[in-house]
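The values are calculated or read from the model by the stated rules, or taken from the named source; none is laboratory data. All of these numbers come straight from a predicted model, not from anything done at the bench. In this analysis, Cβ positions are derived from the backbone assuming ideal geometry, glycine residues included, and neighbour counts consider all displayed protein chains.
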Amino acid sequence: MNGQLNDIRAQFDADLRAGTTAEALEGLRVKYVGRKRGLVTEAFKHIGDVPPEERGAYGKACNELKQFISDALDAASSELDKAEQEAAPTLDITLPPPLPRIGRRHPVSDMMRRIETIFVELGYAIADGPQIESDFNNFEALNMPPDHPARDEQDTFYLQGGMLLRTHTSPVQIRTMLQQPPPIQIICPGRVYRRDYDITHTPMFFQVEGLVVDRGITFGDLKGTLEYFTHRMFGPQTRTRFRPSFFPFTEPSAEVDISCPFCGGGGCRVCKNSGWIEIMGSGMVDPAVFSNVGIDPDVYTGFAFGMGIDRQVLLLFGIDDQRMLYENDMRMLEQIGGWR
Amino acid sequence: MKFSWEWICEHVKLEMEAAEAAELLSLRGLTVDEVISEAGDVVFDIDITTNRPDAMNHRGVARELAAITGTRLLPLERSFEERGGKAADHCRVEIVDAAGCHRFCARVIKGVTTGPSPDWMTRRLERVGMRSIDLLVDITNYVLWELGHPLHGYDLKLVPDGKIVVRRAERGERLKMIDGSEKVLDPDILVIADASRAIGVGGVMGGFDTEINPSTVDILLEGAYFEPVVNRRGARKLGLSTDASFRFERGADINGMVGAIERCCHLYEKLAGGQVLEGLVDQYPTRHEPVAVEMDHRRLCSFAGLEIPEQRVGEIAAALELGAELDRHTWRFDIPSFRVDLEREADLFEEIIRIVGFDNVPPTIPHVAIEPQDKLKLHQVIDAAEGVMLAAGYTEVLNYDFIDPEGNALFAPPGAGKPIKVLNPIAEPQMSIMRQSLAASLMSTIRHNFNRGVSGMRLFEIARVFFAAAGQPLERTILGMAADEPEPAPHWHSPRCPADFYEFKGVIETIFTRLGISDIIISEGTEEFLQPLVRAAVRRGDEVIGWFGRVADGPQAHFDLPHPLLLCQLDLGAVAGDAFPGRSFRRGSKFPSISRDLSFTVAPGTSFARVRGAIEGAGVDEIVEISLIDLYRGEATGGRTSLTVRVVYQSGERTLTQEEAEAFHGKVRDSLMLLGVEIR
């Protein structure tokens, strides 16, 4: 009887070699181990024909053959699935995806937000005021009476009705000092205007100014605060230099230079080989300004600073014409606009 | 302002190279913008601030370097022999306007011979940017750049009787200047005159007729002090800014002029063979008293944030040529007449701290005990609106606040009044008024980009618009949005849809959701610059706070744009006060919801708002969501509008049964029937 089982085995091997489709494999499953007329199933049924002493071995052989065939069919079937999968078209991960539509912040207001954040974290409040101002708030209160030569440096737009377009955000400082007693710790960001139009000037641009007034504010406080700012803004490796200067509203006054962020101070085209880049003006509030706004200069001291945002944007991105900032060319905004 | 290193070194002995001196000057007082090597010399380009007229000459810069390095100036040769008669016999000075001219000094030099200047003088003048003219003229220019005091020489024989009168000009008086221009004068202008006519504008420019010329033999040399404001007004009125007026309007050295005249006489005698007559003619009607300033040493140290030894202050004062005396804690400084910027204690703080060195003051961070305060409400609203715009894919632009009147007029809001005019615009008419709307600027931005091949833009700007008012003009903070509407951009995955009216509506509603303002009504618009069928107003109660829609043909053509544009403006300032009300959390139901769709048609002209109202008014509290999932309008529905609405029912207390949902839906259907819908 074992010879019969061997024949079935040989026949199965031959069939398996021939059949390679899923249907063929299913056909083989029915043919050999099908419940009804499977050849192995039939062979089981002949167990009665086997002498009793051999029945145990015969049954075992039948079971082994059934197991062998089932395993072989499973293996062939999974082999076939794998081949099918490999042949199927796959996901092309290199296709260009649809991009999320994300708005960009104008680089100038983005820079302004960055600066605001640094000072807000230090506890400064953001103060605001009109862009159309009086001569008093823009000049006189800041110790620039009519006929002061320093007015030449801020060529002013005048409006009907005796008003003017603020040439700096300092009038916001004046308004704040007129409205609230010290201590004061504010920044004043916003649009300002000067009558200039060339490669390095636009008739409107953006500034952030700051003002701190309290008892015992020192020149060292001015230095420390602005050094903190330059480290946050341009990196901790940045060196800061304070150069004596003159503004009618501060005494002493200092221009603030940073070591050139492009060459680290070694000298390059951007810093005109000086190693330094001027980024803002600053100084201790002039006592005459305090007197103009009713703050006692014998009791209070303070410092103020102001920086142009546009120049820092030009510097950061290597733009050589300030006028481009207000053309709002989409190709520029998409390149250097800020993400939120 | 340019300075020759060689010339500076003639006034002070320095043990350093030019580059090092430039660095020191920059850090301690005068910013050297540029150091240029030039034929064996070095030229410094120094940015001298308006408060330091004393440093606008070589000896002044040398004095600064002496103070910084703790050395003293070298003496300057000014000697000459006085002979040949008294100057006063040849020159008489009368100051009529003593407020405009505080002091007038003169000397007479006879028998000069002109000719070319010596090479060293020509060279030095060229270094500072002056052209050599001839010896007699060059000498006064040389002394100007050496000592800073503007001097003027007259040809004595052309000034009748040597009579000088300092007065205001007569109205309509005429004067031919040395640059050849002819000026018409008026009483704002201070003139130097002879007995009958003006011969120069004081402290600004001399007259053509009396100037030193190649045939001049005798010179009347003027040194004077002109009051800064009078000088500045006169120069401005004439449209002149000269080396002389630049210095006088910043403040000249009222005593230093005498020494400058002496130096000039020395050079006339030595180089031009001149004979200096005896005596200085000196009219000094408006005397400047010596200035003394007190400074508290302790205040200095606490102001600087640095302990500065008293001895160091004494050294610095000496180096700056200040007389200094210390009484307990109080310094008393005598201020030399060339330092017109030192008047108050604060001025002295500056002097001491800058010479000590800003870099030697240790940095500190102040602790200012301010009450914590919220960001201004308007700024919070701007932040929120900006956040929504950026998240919705709109890019921020910044435009000038100036605009042309025609573009402005197209979009000016009703009742805007006349726009505010800029009296001295940078471009007329393009930038001649302050904008009353952001619309025209946004249109221009789109056109600018369109001309460069960009389309499908979504833009926004948050800025102010300006309206005239009695007193302070009105500034309103506005959000402007713009988008152009080209074809959808094809893409294999999903084509990009252009912005349209409903996208704008969605963005606007989202902004107000973000602001927590729920009583916004979007109703029919009336703006004439928008197309009548595609426009809307944004209202709160009776107040119109914004508008949006598609730009009408007129404005579109004005900006020469080929395809339609959407515009929107919202007055953020008008809602800022009510933004961000308190919010509270409502827990969502934990029971499942059931949704049912309903398809029906409505008569033309029935708005969705009415459909929605009918559903909400069906008396079913369990409605949690109503959405419009399909809309069709066309021939198949016989002109009626076909809608499919999905209504979601949910209870907060239990699971709804299918039967309950069916009953609710029936109520909704009944309510809609009252509106005249036909269920499909």
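Every residue, every condition in (1) under 15 Å from residue B:101 (Cα atoms); (2) surrounded by fewer than 21 Cβ atoms within 10 Å (Cβ to Cβ); (3) of a type in the set (Lys, Arg); (4) under 37 Å from the mean Cα position of the chain (by Cα), yes or no:
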position: B:202; (1), (2), (3), (4): yes, no, no, yes
position: B:219; (1), (2), (3), (4): no, no, no, no
position: B:240; (1), (2), (3), (4): no, yes, no, yes
position: B:252; (1), (2), (3), (4): yes, no, no, yes
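For the stretch A:18-67, give me each residue that is within 16 Å of residue A:3 (Cβ to Cβ) and in contact (Cβ under 8 Å) with a residue 60 or more places away in the chain.
A:65
Picking from B:279, B:273, which residue would you name as being touching a strand residue (DSSP E or B) at 6+ places or on another chain (Cβ under 7 Å) and either touching a residue at least 24 places away in the same chain (Cβ under 8 Å) or more than 14 Å from chain A (Cβ to nearest Cβ) (or both)?
B:279
Please tell me if residue B:83 is touching an Asp or Glu at 6+ places or on another chain (Cβ under 9 Å) and in a helix (DSSP H, G or I). Show your work before the answer.
Details: touching an Asp or Glu at 6+ places or on another chain (Cβ under 9 Å): yes; in a helix (DSSP H, G or I): no.
No.
Which of the residues spanning the stretch B:356-391 are more than 7 Å from chain A (Cβ to nearest Cβ), assigned to a loop (DSSP other than H, G, I, E, B) and surrounded by 15 or more Cβ atoms within 10 Å (Cβ to Cβ)?
B:357
Determine whether residue B:63 is modelled with pLDDT under 95 and buried (at least 20 other Cβ atoms within 10 Å of the Cβ). Don't jump to the end; show me each part of the working.
Details: modelled with pLDDT under 95: yes; buried (at least 20 other Cβ atoms within 10 Å of the Cβ): yes.
Yes.
With the condition kept exactly as written, say whether any residue in the stretch B:323-338 is part of a loop (DSSP other than H, G, I, E, B), within 13 Å of chain A (Cβ to nearest Cβ), out of contact with any Phe, Trp or Tyr (no Cβ under 7 Å at 6 or more places or on another chain) and buried (at least 20 other Cβ atoms within 10 Å of the Cβ).
No: zero hits.
Any idea which of B:140, B:49 is within 28 Å of residue B:233 (Cα to Cα) and assigned to a loop (DSSP other than H, G, I, E, B)?
Numbers: B:140 fails: assigned to a loop (DSSP other than H, G, I, E, B).
Exactly one residue qualifies, and that residue is B:49.
Quick one: which helices (runs of 4 or more DSSP H) lie wholly within the stretch B:188-286 and hold at least 2 residues that are over 22 Å from residue B:341 (Cα atoms)?
B:228-238, B:256-272
If you go through the stretch A:87-95 one residue at a time, do you hit one that is closer than 30 Å to residue B:457 by Cβ, outside the structural domain of residue A:32 (by TED's automatic domain parsing) and at pLDDT 90 or above?
Yes, the stretch A:87-95 contains a residue that is closer than 30 Å to residue B:457 by Cβ, outside the structural domain of residue A:32 (by TED's automatic domain parsing) and at pLDDT 90 or above.
Going residue by residue through the stretch A:266-277, is there one that turns out to be buried (at least 21 other Cβ atoms within 10 Å of the Cβ) and closer than 19 Å to residue A:180 by Cβ?
Among the residues of the stretch A:266-277, not one is buried (at least 21 other Cβ atoms within 10 Å of the Cβ) and closer than 19 Å to residue A:180 by Cβ, which makes the answer no.
With (1) among the basic types (Lys, Arg); (2) under 30 Å from residue B:652 (Cβ atoms); (3) in a strand (DSSP E or B) as the list, and residue B:612 as the residue in question, which single condition is left unmet?
It fails just one condition, (3).
Out of everything in the stretch B:420-449 that is part of a helix (DSSP H, G or I) and more than 8 Å from chain A (Cβ to nearest Cβ), what residue ends up being surrounded by the most Cβ atoms within 10 Å (Cβ to Cβ)?
The first filter runs over the stretch B:420-449 and keeps only residues part of a helix (DSSP H, G or I), leaving B:439-449.
Narrowing further to those that are more than 8 Å from chain A (Cβ to nearest Cβ): B:439-444, B:446-447.
Working: B:439: 31, B:440: 26, B:441: 27, B:442: 27, B:443: 25, B:444: 19, B:446: 26, B:447: 16.
The qualifying residue surrounded by the most Cβ atoms within 10 Å (Cβ to Cβ) is B:439.
If only one of B:411, B:460, B:402 is out of contact with any helix residue (DSSP H, G or I) (no Cβ under 9 Å at 6 or more places or on another chain), surrounded by 19 or more Cβ atoms within 10 Å (Cβ to Cβ) and either assigned by TED's automatic domain parsing to the domain that holds residue B:544 or of a type in the set (A, V, I, L, M) (or both), which one is it?
B:402
Name, by its number, the condition in (1) of a type in the set (Asp, Glu); (2) buried (at least 19 other Cβ atoms within 10 Å of the Cβ); (3) within 13 Å of chain A (Cβ to nearest Cβ); (4) closer than 20 Å to residue B:550 by Cβ that does not hold for residue B:475.
Just one mismatch for residue B:475, condition (4).
If only one of B:452, B:496 is within 10 Å of chain A (Cβ to nearest Cβ), surrounded by fewer than 16 Cβ atoms within 10 Å (Cβ to Cβ) and either over 21 Å from residue A:327 (Cα atoms) or touching a helix residue (DSSP H, G or I) at 6+ places or on another chain (Cβ under 6 Å) (or both), which one is it? Steps first, please.
Working: B:452 fails: either over 21 Å from residue A:327 (Cα atoms) or touching a helix residue (DSSP H, G or I) at 6+ places or on another chain (Cβ under 6 Å) (or both).
From the options B:452, B:496, the qualifying one is B:496.
How do the pairs read when you match residues in the stretch B:385-398 that are at positive phi and touching a residue at least 12 places away in the same chain (Cβ under 8 Å) with residues anywhere that are aliphatic (A, V, I, L, M) and surrounded by fewer than 22 Cβ atoms within 10 Å (Cβ to Cβ), using Cβ under 7 Å and keeping only pairs 6 or more apart or on different chains?
B:393/A:102
Report, ordered by the first and then the second residue, all pairs with beta carbons closer than 7 Å, sequence separation of six or more or different chains, a first member in the stretch B:607-627 that is over 20 Å from residue B:657 (Cα atoms), and a second member that is in a loop (DSSP other than H, G, I, E, B) and not aromatic (Phe, Trp, Tyr).
Matching pairs, first to second residue: B:610/B:675; B:611/B:675; B:614/B:674; B:614/B:675.
Between A:193, A:197, which is under 34 Å from the mean Cα position of the chain (by Cα), within 12 Å of chain B (Cβ to nearest Cβ), under 30 Å from residue A:327 (Cα atoms) and crowded, with 21+ Cβ neighbours inside 10 Å? Don't jump to the end; show me each part of the working.
Details: A:197 fails: crowded, with 21+ Cβ neighbours inside 10 Å.
One residue alone meets the criteria, A:193.
Out of all the residues in the stretch B:465-492, which are more than 18 Å from residue A:103 (Cα to Cα) and either touching a His at 6+ places or on another chain (Cβ under 7 Å) or not assigned by TED's automatic domain parsing to the domain that holds residue B:568 (or both)?
Correct list: B:486 only.
Is it the case, given these coordinates, that residue A:214 is at the interface with chain B (Cβ under 7 Å from one of its Cβ atoms), farther than 25 Å from residue A:313 by Cβ and either in contact with a helix residue (DSSP H, G or I) (Cβ under 7 Å, 6 or more places away or on another chain) or surrounded by fewer than 22 Cβ atoms within 10 Å (Cβ to Cβ) (or both)?
On the way: at the interface with chain B (Cβ under 7 Å from one of its Cβ atoms): yes; farther than 25 Å from residue A:313 by Cβ: yes; either in contact with a helix residue (DSSP H, G or I) (Cβ under 7 Å, 6 or more places away or on another chain) or surrounded by fewer than 22 Cβ atoms within 10 Å (Cβ to Cβ) (or both): yes.
Yes: the conditions hold for residue A:214.
Please verify whether the stretch A:69-81 includes one or more residues that are more than 30 Å from residue A:226 (Cβ to Cβ) and more than 60 Å from the chain's Cα centre (by Cα).
Yes, the stretch A:69-81 has at least one match.
Name the residue, out of B:115, B:100, B:180, B:172, that is touching a helix residue (DSSP H, G or I) at 6+ places or on another chain (Cβ under 6 Å) and modelled with pLDDT under 95.
B:115
If you take the residues in the stretch B:478-491 that are assigned to a loop (DSSP other than H, G, I, E, B) and more than 9 Å from chain A (Cβ to nearest Cβ), which one is surrounded by the most Cβ atoms within 10 Å (Cβ to Cβ)?
Among residues in the stretch B:478-491 that are assigned to a loop (DSSP other than H, G, I, E, B) and more than 9 Å from chain A (Cβ to nearest Cβ), the one surrounded by the most Cβ atoms within 10 Å (Cβ to Cβ) is B:485.
Output the residue which, of all residues in the stretch A:312-334 that are of a type in the set (S, T, N, Q) and more than 22 Å from residue B:456 (Cβ to Cβ), is nearest to the other protein chains (Cβ to nearest Cβ). Can you show your working first?
Just the residues of the stretch A:312-334 that are of a type in the set (S, T, N, Q), to begin with: A:312, A:322, A:328.
Going one step further and asking which of them are more than 22 Å from residue B:456 (Cβ to Cβ), we end up with A:312, A:322.
Values: A:312: 15, A:322: 12 Å.
The residue in question is A:322.
May I ask you to verify whether residue B:551 is surrounded by fewer than 20 Cβ atoms within 10 Å (Cβ to Cβ), touching a residue at least 12 places away in the same chain (Cβ under 8 Å), of a type in the set (Val, Ile, Thr) and closer than 30 Å to residue B:460 by Cα?
Here the answer is no, as residue B:551 does not meet what is asked.
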